[in-house]
Structures are given as C-alpha cells and as structure tokens.
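Novice: Take this structure first; my questions come after.
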Amino acid sequence: MFKGSDRRARRTRWGATLAVSTLVLGIFGAAPAAAVAPEGLQAEGGPLPAPRIVGGTAVPNGKYKFQAALLGVPFGSDDYQRQFCGGSLISPWHVLTAAHCVDFIGDDSDDILALEDFRVVVGRTVLQWGNGVRRSVDRIDIHPDWDPDTFKFDAAVITLAAPVYLIKPVKLVTPGTDALERPGTEWVASGWGNTLAQPAGGTGGTNYPHRMREVTLSLLSATECLNAYTIEGDTYTHKATMLCAGRTGKDTCQGDSGGPLFQKAVTGGYIQLGVTSWGIGCAATGYPGVYTRLSNRSIGNFILEQMGEVPVQ
Ligand code: ARG
C-alpha cells in the first residue's frame, strides 16, 4: 500500500502536480517566507482524523459514476498506480478535466505521456477493481487561454475513442450565469487524491486511497477568494476564471485535480460548478481550494463547442 502510493506520488509529481508546484513555488518565491508561514493545521494538537480526501468520507460503490479517473499506462501496473487526476463525464463522448492534468500528454518530444498511453475510466469506485468503463482517447482540447503560470482557464475536454452510453453525464452550469454561485452554498468534491492535510509551504506526507472519497465544501465569496490568495500585495486568484471553496479541515488535494465540484441538481442528477484546480497546501488554514469557474462564458462555451453543442450568447 505505502509502496504503491509512494510510486504513484512520484509519478504524479512528474506530471499533474508539476505545474502546480511551479505556481506555488512562484507564490512562495514572490513573498517573504514570514508572510506565508504555515498557520497550523486544524488537526494539530488533536488526533488526526481517519484518512480522507482531506476531511471527507468514503464513497459507496456505484455513487458518482460520472467521476472519471485519468490513467497513464506506463505509470504503474494497476489502475491505482496509474491514476494521476480526476475528470467528469459530461456527454457520452466527452470528459471534462483540468488543463494542467493533460497539458503534458501528446506526441511531442517534451510530452511526458503519449496519447496512446492515456486512458480514462468512469463508473469505478475502487481504482484497482477493474469495473466501470475504460476508454482510449481520440483527442484532448485545452482551453486556448490556459496559462500554466497563472492557472487561469484551467479546463480541457477529452474526446473518448468510443462513447459511454450507460452512465448519466453530470450537467454543467450555464455559461455566463452565476445564479448557483451563492457564497455559503454547499458543493461536493470527489476523487482519489491525497487524504493527508498539507501545511502551506511544507509537506504533510501522502496517503492515496483506493476507494473514491468525497467532501462537502462551502463556496466562498469572490472577495474572500481574492483576499485568501492576496499575499504581500500580489493576488493569485482570478475572479473571472476561479472559485474558492473550503471548510476547516476539508479540501481537495494532489490527485483530485480535474475532478468535479458539484451538487444535486433540482431537475435530477448532478450539476457541476467547478473543476479542481489548485491551492496552497491542502486544508491549510487560510488557503481554500481553488476551482475552475465553469460559469465563465469563455470556459463554458469552449466546453459546449467541444461537445458539438450550441454556445450561449
Ligand atoms: N493541483 C492538484 C492536483 O493536481 C489539486 C490541488 C487542489 N489543492 C487544494 N488545496 N485544493 O491534483
């Protein structure tokens, strides 16, 4: 178990988290260490909670079938070791994820993973069980304004080599409509990411779960999101393309990126508001998780266009 997760952690670092570490290093580099010193974890001084997404719970078999696991075949000998990011099934042919999860995949010499070695699994709860639907990938479309230095427009659409008809896709918020973005509302994040809290600028160790986990987070206001990530006068969150969500001791973490931030839709099924993108540490006091804002007109319409749907004016 620990061997496996260590192996995977190494791989994850080469890939998906590489860009994030660069961003976070950039933030820490930009500010004197004192300004961003770890403020201490909630778990400090008390017994650590059982392993979680960070602060979440295990997902029962078959729940959230739209949740996708992104796999690199060369990254390991089973899907637990191969998984490096999350995603969500948004149509029979399409999986939404973060740009930073897939911007190292392709057939250029500087790519880390060849497209033919990339797989997507949906409908699976326990990574190494082998159930659900596994697909090769036809193409990856990254938002044209994706910026790995600032993490603006962290969205990409994966077109599967064959459709998935038996799993109900998650719905997406309407581009240009922020009606669901009320501060204080509750949203679920899910995935197979690290369950151990990470202090700002430090390491809290790794424990990657085999079973999907979920956590309920509350949405922050745009002002809170800007304030949390304004360090020494520099602001690292971008109102138009990012949302913040969190709760004391609860957060997404490395390996959850690309996965959905969603809630039950009044019309049935689930509706997705954000994509897990980045954060300083994980469940570190004062630093909520940052999610790609799907109500952004450019991001939302980009996704609709990839799905062959009509963009919203
Ligand atoms: N960037 C991470 C990944 O690649 C997810 C980070 C989420 N971090 C957070 N503190 N919410 O998996």
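The values are calculated or read from the model by the stated rules, or taken from the named source; none is laboratory data. Please read all numbers here as calculations on a predicted model, not as lab measurements. A quick note on method: Cβ atoms are made from the backbone with ideal geometry, for glycine too, and the neighbour counts reach across all protein chains shown.
Novice: Among (1) within 16 Å of the ligand (Cβ to nearest atom); (2) farther than 28 Å from TRP93 by Cβ, where does THR230 come up short?
Specialist: So THR230 meets the others, but not (1).
Novice: Another question, then. Can you say whether ILE112 is in contact (Cβ under 8 Å) with a residue 60 or more places away in the chain and crowded, with 23+ Cβ neighbours inside 10 Å, as far as the supplied structure shows?
Specialist: no
Novice: Would you please name the residue that is modelled with the lowest pLDDT, looking only at residues in segment 41-99 that are within 16 Å of the ligand (Cβ to nearest atom) and of a type in the set (Lys, Arg)? If you could, list the steps in order and put the result at the bottom.
Specialist: As a first pass, look at segment 41-99 and keep what is within 16 Å of the ligand (Cβ to nearest atom): 41-43, 52-56, 67-72, 75, 80-88, 95-99.
Those left that are additionally of a type in the set (Lys, Arg): 52, 82.
Values: ARG52: 53, ARG82: 98.
So, considering only residues that are within 16 Å of the ligand (Cβ to nearest atom) and of a type in the set (Lys, Arg), the one modelled with the lowest pLDDT is ARG52.
Novice: On to the next question. Considering segment 56-82 alone, what residues qualify as being closer than 12 Å to VAL126 by Cβ and free of Cβ contacts under 8 Å to residues at least 40 places away in the same chain?
Specialist: Passing the criteria: none in range.
Novice: In this structure, is TYR208 closer than 30 Å to GLN128 by Cβ and in contact with a helix residue (DSSP H, G or I) (Cβ under 6 Å, 6 or more places away or on another chain)? Talk me through it step by step, then tell me what you get.
Specialist: Working: closer than 30 Å to GLN128 by Cβ: yes; in contact with a helix residue (DSSP H, G or I) (Cβ under 6 Å, 6 or more places away or on another chain): yes.
Criteria met by TYR208.
Novice: Between a first residue in segment 155-168 that is on the phi > 0 side of the Ramachandran plot and a second residue that is part of a loop (DSSP other than H, G, I, E, B), which pairs have beta carbons less than 7 Å apart while being 6 or more apart in sequence or on different chains?
Specialist: That search, which allows pairs on different chains as well, returns nothing.
Novice: Can I ask one more? Which of the residues spanning segment 261-281 are assigned to a loop (DSSP other than H, G, I, E, B) and out of contact with any helix residue (DSSP H, G or I) (no Cβ under 9 Å at 6 or more places or on another chain)? Spell out how you get there, then give the answer.
Specialist: Kept after step one, since they are assigned to a loop (DSSP other than H, G, I, E, B), are these residues of segment 261-281: 265-269, 279-281.
Passing the criteria: ALA265, VAL266, THR267, GLY268, GLY269.
Novice: Contact list please: Cβ distance under 6 Å, first residue in segment 288-301 and touching a residue at least 12 places away in the same chain (Cβ under 8 Å) and assigned to a loop (DSSP other than H, G, I, E, B), second residue within 16 Å of the ligand (Cβ to nearest atom) and hydroxyl-bearing (Ser, Thr, Tyr), pairs at least six apart or on different chains.
Specialist: Listed by first residue and then by second, the contacts come to ASN296/THR241.
Novice: Would you mind stating whether ARG293 is charged (D, E, K, R), farther than 21 Å from ARG213 by Cα and surrounded by 22 or more Cβ atoms within 10 Å (Cβ to Cβ)?
Specialist: Yes; evaluated as a whole, the condition is true for this residue.
Novice: Next question, about the same structure. Considering only residues that are more than 17 Å from TRP146 (Cβ to Cβ), β-branched (Val, Ile, Thr) and part of a loop (DSSP other than H, G, I, E, B), look in segment 234-260 and name the one that is nearest to the ligand (Cβ to nearest atom).
Specialist: THR252
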